[in-house]
1. Check Ile77 against each of (1) in contact with a strand residue (DSSP E or B) (Cβ under 7 Å, 6 or more places away or on another chain); (2) surrounded by fewer than 18 Cβ atoms within 10 Å (Cβ to Cβ) and name the one condition it does not meet.
2. Within segment 39-62, how many residues turn out to be open to solvent by 90 Å² or more (accessible area, probe 1.4 Å), part of a helix (DSSP H, G or I) and modelled with pLDDT under 90?
3. Quick one: which strands (runs of 3 or more DSSP E) lie wholly within segment 89-167 and hold at least 2 residues that are surrounded by 13 or more Cβ atoms within 10 Å (Cβ to Cβ) and out of contact with any Ser or Thr (no Cβ under 9 Å at 6 or more places or on another chain)?
4. Checking the condition of a type in the set (Val, Ile, Thr), touching a helix residue (DSSP H, G or I) at 6+ places or on another chain (Cβ under 8 Å), on the phi < 0 side of the Ramachandran plot and in contact (Cβ under 8 Å) with a residue 24 or more places away in the chain, which residue from Ile95, Ile32 passes?
Amino acid sequence: MGGVGYFLGLIVVLIALWTGLSGDYTLTKPLIASLGAVSIILSAILAYRFDILDREGSPYARIVQLVAYWAWLLVEIFKANWVVIKACLRSTLDINPALVKVKTGCESDLARTVFANSITLTPGTVSVEVEGDKILVHALYEDSAGPGAFDDMDRRSREACDGKAKA
């Protein structure tokens, strides 16, 4: 996808975002519609001028993979919720917190950000720091954050964002 594709993709996404957030689906209010159009055009021009229209800033070509990743992540969040709920409902506090460094194979900033945010969204784990290809993770249970615990999430976020199956 070239620069024109990213530019057009950004405009389409901004139109969808503006329409969804404004709630004006009929365009019967000309002032609101014209302000929206000006905002969209100005945002697209600024993105072009700041040279941020690239694969990471506009990952529209990977939208299917990203949606599939987020669907998988929702299931993982649901499963992790059960672990945390059980820990909260027990009469004894049996958690064994740990800080672990997780190595990621993600190459782009977008993929590393998605991976680190996915860890944080999953109950019982929080990404504390991202430094290069390592993420410092706080986990409620040391055994659930051991070697290989985040490999599947790392691989899936890398494939969804970078489009690469191997690190």
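The values are calculated or read from the model by the stated rules, or taken from the named source; none is laboratory data. Since the structure is predicted, the reported quantities are computational estimates derived from the model, not experimental observations. Backbone-built Cβ (ideal geometry, glycine too); neighbour counts: all protein chains shown. We work out accessible area using only protein heavy atoms, side chains counted, and drop any ligands, DNA or RNA first. Shrake-Rupley method; radii C 1.70, N 1.55, O 1.52, S 1.80 Å.
1. Answer for Ile77: the failing condition is (1).
2. Just the residues of segment 39-62 that are open to solvent by 90 Å² or more (accessible area, probe 1.4 Å), to begin with: 41-42, 48-52, 55.
From the residues that got through so far, the ones that are part of a helix (DSSP H, G or I) too are 41-42, 48-49.
Then keep just the ones that are modelled with pLDDT under 90; that gives 48-49.
Residues flagged as open to solvent by 90 Å² or more (accessible area, probe 1.4 Å), part of a helix (DSSP H, G or I) and modelled with pLDDT under 90 within segment 39-62 amount to 2.
3. Values: elements: 98-103, 125-131, 134-139.
Once the strands (runs of 3 or more DSSP E) in segment 89-167 are filtered for at least 2 residues that are surrounded by 13 or more Cβ atoms within 10 Å (Cβ to Cβ) and out of contact with any Ser or Thr (no Cβ under 9 Å at 6 or more places or on another chain), what remains is 98-103.
4. Details: Ile32 fails: in contact (Cβ under 8 Å) with a residue 24 or more places away in the chain.
Going through Ile95, Ile32 in turn, the sole match is Ile95.
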